[in-house]
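The values are calculated or read from the model by the stated rules, or taken from the named source; none is laboratory data. Keep in mind it's a predicted model, so treat the numbers as computed, not measured. Methodologically, a virtual Cβ is constructed for each residue, glycine included, from the backbone with ideal geometry; neighbour enumeration extends over all protein chains shown.
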Amino acid sequence: MTRSVPSRHHDIADDLRQQITTGRMKPGERLPSEAGLADRYKVSTVTLRSALAVLQGEGLVEKIHGKGNFVRRPPRKIVYVGGWGTLDPWTAAEAALRVTVRTATVQADGHLTTLLKVPTGSPLAEFFCISHEGKSPHGLARIYIPRDLAPAGVLDDDSSWWETATRFAVLSWPPAAVRETVCARPPTPDEASTLRIGSAAAVLAITRVATDSTGRVVEAALLAFPGDRVDAVFTTHHVTDERQI
């Protein structure tokens, strides 16, 4: 019987994995340069990057563009509370966790016209949100509302109010209805880069559409969280008919 021989990049991944799991390499520690590691293991940079890709896929190593490869800190999960985009108070209230927001005015096209039920070219307020714990991103959201519903002042240059947000939602009053569609999928290239995850990792993607009592869409949100950094909780309230017969 022929036994398969492990490829060289798996040997390298095994060695680096052992150094990480035994504590010889600490969370947050920067790995030697790829060229330095390739020289140490006497392999090409292509083989070395394949080894690192294995560890990135396992969540042990993260590559930060322009800085190098780092031993990834154990991820701390946050909780997304379905219904109105709240990050749960036990994590969101901590100073280390914050949501930063960049605002812009855009024109509706493609998928947005369907989500918001508006004509192509309609002005929308866009809110691009990223939640962080320290320098580690936990999730992102692109939130769109009709431009005439944008809270006063939030599209001005001064966006300091948004730097302390703890919700992936914009409107301050509860809508009449919220519909959320949830799926697990691979990240887009932009999501992988922003969330610092590998292209093979799964993200929890949530599409949320909120409507008022007239049926008008007042907010549409596209959210993405790394699958290992978030739990999503949805609570259903059953209405009991207490009318006397």
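Which one is modelled with the highest pLDDT, of the residues in the stretch 99-116 that are crowded, with 18+ Cβ neighbours inside 10 Å and over 17 Å from P146 (Cα atoms)?
Among those that are crowded, with 18+ Cβ neighbours inside 10 Å and over 17 Å from P146 (Cα atoms), it is V101.
Tell me yes or no: at least one residue of the stretch 126-145 is aliphatic (A, V, I, L, M), under 14 Å from A221 (Cα atoms), in a helix (DSSP H, G or I) and not assigned by TED's automatic domain parsing to the domain that holds G59.
Checked the stretch 126-145: no residue is aliphatic (A, V, I, L, M), under 14 Å from A221 (Cα atoms), in a helix (DSSP H, G or I) and not assigned by TED's automatic domain parsing to the domain that holds G59.
Yes/no matrix, rows are residues, columns are (1) buried (at least 19 other Cβ atoms within 10 Å of the Cβ); (2) within 23 Å of A53 (Cα to Cα); (3) in contact with a strand residue (DSSP E or B) (Cβ under 9 Å, 6 or more places away or on another chain); (4) in contact (Cβ under 8 Å) with a residue 24 or more places away in the chain:
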{"residue": "A184", "(1), (2), (3), (4)": "no, yes, yes, yes"}
{"residue": "P189", "(1), (2), (3), (4)": "no, yes, no, no"}
{"residue": "L195", "(1), (2), (3), (4)": "yes, yes, yes, yes"}
{"residue": "A200", "(1), (2), (3), (4)": "no, yes, no, yes"}
{"residue": "T211", "(1), (2), (3), (4)": "no, no, yes, yes"}
{"residue": "E219", "(1), (2), (3), (4)": "yes, no, yes, yes"}
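Just for helices (runs of 4 or more DSSP H) wholly inside the stretch 7-92: which have at least 2 residues that are in contact with a His (Cβ under 6 Å, 6 or more places away or on another chain) and aromatic (F, W, Y)? Spell out the reasoning first.
Values: elements: 8-21, 34-41, 45-57, 89-92.
Correct list: empty, since no element meets the threshold.
In contact (Cβ under 8 Å) with a residue 12 or more places away in the chain and among the charged types (D, E, K, R), is that true of K26?
Here the answer is yes, as K26 does meet what is asked.
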